[in-house]
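Working notes, structure below.
Only the coordinates and a few stated rules stand behind these numbers; no lab work does. Since we're looking at a predicted model, the values are computed, not measured. Every residue, glycine as well, gets a Cβ built from its backbone with ideal geometry; the counts of neighbours run over all protein chains shown.
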Amino acid sequence: MKVFKVGVLGLRMGNNWVNGIVPRADAQLAAVYDPDCDLAGRIAGQHGIRAAVSEDDFFARALDIVVIATPDHLHVAQSVRALALGRHVICEKPMAPTARDCLAIIAAVKRYRRKFMVGQVCRFTPAFRAARKLIREGKIGEIAFIESEYYHDYSRVPGANNWRKDPKIRREGFIGGGCHALDLVRWLAGNPTEVFCYMNHKFLPDWPARDTGVAVMKFKSGAIGKVFVSIGVKAGYSMRTVIHGTSGSIICDNTSDHLDWFDESMQEFSGRNPLRIPVNVNHHNVSDEFADFVECLKSGRHPPTDEYEGTNTVALGEAALRSAETGKPARVVYAARERK
């Protein structure tokens, strides 16, 4: 049995990946690195390995897979470096801060012929997977409206060395965190063609980028949608998602133990009593994410959240930002997948 040697770069978000790697018989945690030497040493020691002392030391290790779980603005250089060394790459979301940045990774994947996956973990969240299954089975008919939201108060989680609020980096929360909701909408309903967005800056006025936005979208199918993102709202973390179809509706999120399904074909349908479908609460299901990537390597199958999917989620977010700047609807420019 092939045992894949894996390295994890960036250990705040990356420790979730470590915990998904270690129990597997077909994967071996072989390297970790974080600029916080104490953190890196502690995690490495827990798993009987020696932490890399620098990024160069990390990339010098013999690895099959590199997991990049560092701040967004580092993803491109680190992904390209790993690919050039012949490593397969899992890169945390968002793939990069801009779609233009993402194109450099697409070029490197093509040049070095390695597999690449973006860590869009919501596609592996049990509730959202159950919702997609119902949609694909036609259980709610044709989608007429979809909405998803991402709100998470970042005031107490500015990141290591305050990178999320660094004016030189100027991280856009609508893409940085909101890519969860943007990607979910794309995955469940297809690619929006046009978006109109309003944004404001009331929750975190000392942060460099606007903290809250709402984007209304239209789809080629005739469906319409909405994404709400806030990195400052004073409420609990939420990824609530609602899908209204022509014969039913789904209401779900990533922190509840159930999904609500309204089905007009149910006997005595009243619109008030949904079928309550139990689901596991696993909103950071990194274990299944990593398992799927390993299966892709074994089978030759393409990763479901590959370099094009990652790029196009960022492209949707960029269109929303353009609309907010101009006050006009913006067309979404997607990266075209090359035909084999």
Computed ³J(HN,Hα) along the stretch 293-308: with the Karplus parameters 6.51/-1.76/1.60, θ = phi - 60°, integer Hz and x for glycine or proline, the list is 5, 4, 5, 4, 5, 5, 9, x, 5, 7, x, x, 10, 7, 5, 6
Cα centroid distance between the stretch 112-190 and the stretch 193-259, in Å? 10 Å
Would you calculate a helix-derived [θ] at 222 nm for the chain, using -39,500 (n - 2.57) for each DSSP H run of n ≥ 4 and dividing by the full residue count, to the nearest 500? -9500 deg cm²/dmol
When the Cα centres of the stretch 5-25 and the stretch 26-95 are compared, how far apart do they sit, in Å? 9 Å
Write down the percent of antiparallel bridges among all DSSP beta bridges whose residues are both part of the chain, to the nearest 5. 60 percent
Amide hydrogen neighbours beyond the local backbone of Thr70, cut-off 5 Å, H modeled: Glu92
Report the charge-dipole magnitude of the chain in Debye, nearest 20, computed about the Cα centre from +1 at each Lys and Arg Cβ and -1 at each Asp and Glu Cβ. 800 debye
Once phi is turned into ³J(HN,Hα) by the Karplus curve 6.51 cos²θ - 1.76 cosθ + 1.60 with θ = phi - 60°, what whole-Hz value does each residue of the stretch 249-262 show in order, with x for glycine and proline? 9, 10, 10, 8, 8, 9, 10, 9, 8, 7, 10, 9, 10, 9
Scoring only Lys, Arg, Asp and Glu (+1, +1, -1, -1) among other residues with Cβ under 9 Å from the Cβ of Ile251 yields -1
Counting other Cβ atoms within 10 Å, keep those with at most 14, restrict to DSSP loop, and tell me which GluC sites (Glu not before Pro) in the stretch 110-171 are left. Glu137, Glu142
List, in order, the whole-Hz ³J(HN,Hα) value for each residue of the stretch 174-187 obtained from phi through the Karplus relation with A = 6.51, B = -1.76, C = 1.60 and θ = phi - 60°; use x for Gly and Pro. 5, 9, x, x, x, 4, 4, 5, 4, 5, 4, 4, 5, 5
Project the alpha carbons of the stretch 1-104 onto their principal axes and report the range along each, largest first, in whole Å. 40, 34, 23
Neighbour cut-off at most 14 other Cβ (10 Å), DSSP loop, chymotrypsin sites (Phe, Trp or Tyr not before Pro), the stretch 231-294: Tyr237, Phe269
Direction-averaged shadow area of the convex hull around the Cα atoms of the chain, nm²? 18.1 nm²
